[in-house]
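**Student:** My questions all concern the structure below.
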Amino acid sequence: MNIAVFGTGYVGLVTAIGLADTGKNIVCIDKDAEKVRNISNGISPIYEPGLEALLLKNQERIRVTLDAENAVKEADVVIIAVGTPFDGNHIDLSYIRQAARAIGAATKGTEAFKTVVVKSTVVPETTMKVVRPIVLKASGKTEEEVGFCMNPEFLREGNAVEDFLNPDRIVLGVSSPRVEAIMREVYDGYPDADIIITNPTTAEMIKYTANALLALTISYSNEIARICERLPGVDSEEVFWGVIHDKRFSPITEGQRIMPKLSTYLRAGIGFGGSCFPKDVKALRAFSKDLKVDGKLLDGLLYVNETQLEHVFNMGLNHFTNGKIRRIAILGTAFKPHTDDIRESPGIKLAQMALERGYQVAVQDFVALENTKKHFGSRVQYFEDPLEAMQGANVTYVATIWPQYRKISDEDFERHLEEQAILVDTRSHFKDRAQKPWRFRIGVGEAAGQLAADYA
Ligand SMILES: NC(=O)c1ccc[n+]([C@@H]2O[C@H](COP(=O)([O-])OP(=O)(O)OC[C@H]3O[C@@H](n4cnc5c(N)ncnc54)[C@H](O)[C@@H]3O)[C@@H](O)[C@H]2O)c1
């Protein structure tokens, strides 16, 4: 089976390499010549743990090209994994349309049955009402000759390889039983994964519903955390810990309580960022309004997310009571650990806010500095070492939960902090450490930190 993948970003590249690892021949198509050159030379254009090693291992089965026409002609299955940004009002489907037109044009005059798979996150009905007519018109084919599938991707950046190689579910929204059989073959290298067969529109809705639910949990936690901050003696961490012990969240099996991974979303934080949650929730909200569904809950969760960042930033500034702030340090500019993706990253937004207030800004990250430099140029100072970045800063925000930060002892932090400078734990990363006058954790009522320290 020959598979072509349109787009070699986070999703396209991981999909291509993951499927190649199960023995499939893959041709990747991108319009970015530099990406094509790099991948051809075995260099991953993105940082994802394990990705480059897997690329090198499967290089024989992966070809990368700018030539969409020939790649599509030879493929049995064409996967679309191009970007679907939010244009400020609606989802921007222009890359999807371009890919669909290119696939249709290249399919014209070919003999074999072709399956077109939408893997990009798209609003409901896009596969059947946007992609399908474009492909069928440009190819001059019928649905007997071209099939359609919507196959949402659930990988998490920073864990993308692991998630793709060990999928918890594979959702296949298929246009016919023939397409279902072909897609089962595409994924036959993952026999343990639950396969959910449905129609394309339901598959599209599954992806949005999943992302919006996770985003809602984050905003809900942040709103609860803000209430806790007004209550002396209340620590939101203890509140969430009590909540998650409900058997409906954490069932007890053979005397053992199973803690859901979702518990990590029930935590005071700085709000969600990244390339998916913000744009997907906004796209779903816009889509729901088009359908005359009010969407107040989606409005609310976005509102909490947008205001949480400023709330946390201001809390840091307000807690620095030793005169004038000159310098701010941001530890972690990637939107989460183990990725170099800074799209919609809270760390980047904090640095931007600090610049707008006229402060000097120092930023640090373990893998995202290159992307951060492209964003800020010479407007901020860059550090690889978090302790060096903190030097001279009045307020330091820990914005990404890189595990390396937890390896720094409190004594080391103390040694590198200016007198009376503070460190703001925006992600409850140090929740289990004793309270210190220089460390300030969000989601905690005034005296609660002391209580937690007393119990520790
Ligand atoms: N990043 C994630 O974690 C993630 C997870 C699940 C789903 N998704 C969804 O997957 C899709 C892709 O996301 P991404 O983060 O991989 O995007 P990305 O921006 O990293 O990559 C998109 C790639 O597509 C290429 N491209 C665009 N138009 C093209 C065309 N006509 N022909 C060839 N190449 C083209 C671009 O050059 C780029 O390399 C989006 O819809 C996103 O919402 C992303």
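The values are calculated or read from the model by the stated rules, or taken from the named source; none is laboratory data. All values derive from a computational prediction rather than experimental measurement. For neighbour counting, all protein chains shown are included, and Cβ atoms are generated from backbone atoms with ideal geometry for every residue, glycine included. Remember, those area values only see protein heavy atoms, side chains included, never the ligands or the DNA or RNA. Shrake-Rupley method; radii C 1.70, N 1.55, O 1.52, S 1.80 Å.
**Student:** Express the C-alpha Rg of the chain as a ratio against the empirical globular expectation 2.2 N^0.38 Å, rounded to two decimals.
**Tutor:** 1.06
**Student:** For region 290-436, what are the per-bin percents of Cα-Cα distances with bins 10 Å wide, up to the bin holding the maximum?
**Tutor:** Binned Cα distances yield the sequence 11, 42, 32, 10, 4, 1.
**Student:** Further question on the same structure: For Glu60 and Glu306, calculate 0.36 nm times their separation in residues minus their Cα-Cα distance, and state this gained length in nm to one decimal.
**Tutor:** Contour length minus Cα-Cα distance gives 84.0 nm.
**Student:** In the chain, which whole DSSP H runs stretch at least 24 Å along their own axis (Cα) and average -1.0 or higher on the Kyte-Doolittle scale?
**Tutor:** Those that pass (Cα extent of 24 Å or more, hydropathy at least -1.0) are 200-229, 296-319.
**Student:** Tell me which aspartates and glutamates have Cα within less than 13 Å of Lys24's Cα, excluding those fewer than 8 residues away on the same chain?
**Tutor:** Hits, sequence-local ones excluded: Glu60, Asp76, Glu185, Asp188.
**Student:** Okay, moving on. Take the alpha carbon atoms of region 333-385, find their center, do the same for region 216-234, and report the distance between the two centers in whole angstrom.
**Tutor:** 27
**Student:** Separate question: Across every pair of different alpha-carbon atoms, what Kirkwood hydrodynamic radius in Å does region 158-220 reach?
**Tutor:** 13.1
**Student:** Applying 1/(1 + (r/R0)^6) with R0 = 45 Å to the Cβ-Cβ distance of Ser250 and Lys137, what FRET efficiency is obtained, to the nearest 0.05?
**Tutor:** That pair, Ser250 with Lys137, gives E of 0.30.
**Student:** Check the straight Cα-Cα distances from Lys336 and name the lysines below 22 Å, setting aside those fewer than 8 residues away within the same chain.
**Tutor:** Cross-link targets: Lys207, Lys261, Lys279, Lys282, Lys349, Lys373, Lys374, Lys407, Lys431.
**Student:** Find the eigenvalues of the gyration tensor of the Cα atoms of region 52-122, then list the square roots of 5 times those eigenvalues as equivalent ellipsoid semi-axes, largest first, in whole angstrom.
**Tutor:** Semi-axes from the Cα gyration tensor: 24, 20, 10 Å.
**Student:** Rounded to the nearest percent, how much of the accessible area of region 325-456 (1.4 Å probe, protein heavy atoms only) is carbon and sulfur?
**Tutor:** So the carbon and sulfur contribution to the accessible surface is 46 percent.
**Student:** From the P(r) of region 2-198, can you give the percent of Cα pairs sitting at distances over 21 Å?
**Tutor:** Result for the distance tail: 47 percent.
**Student:** Another question, then. Need one number: the % of Cα-Cα pairs in region 211-455 sitting beyond the 29 Å mark.
**Tutor:** 31
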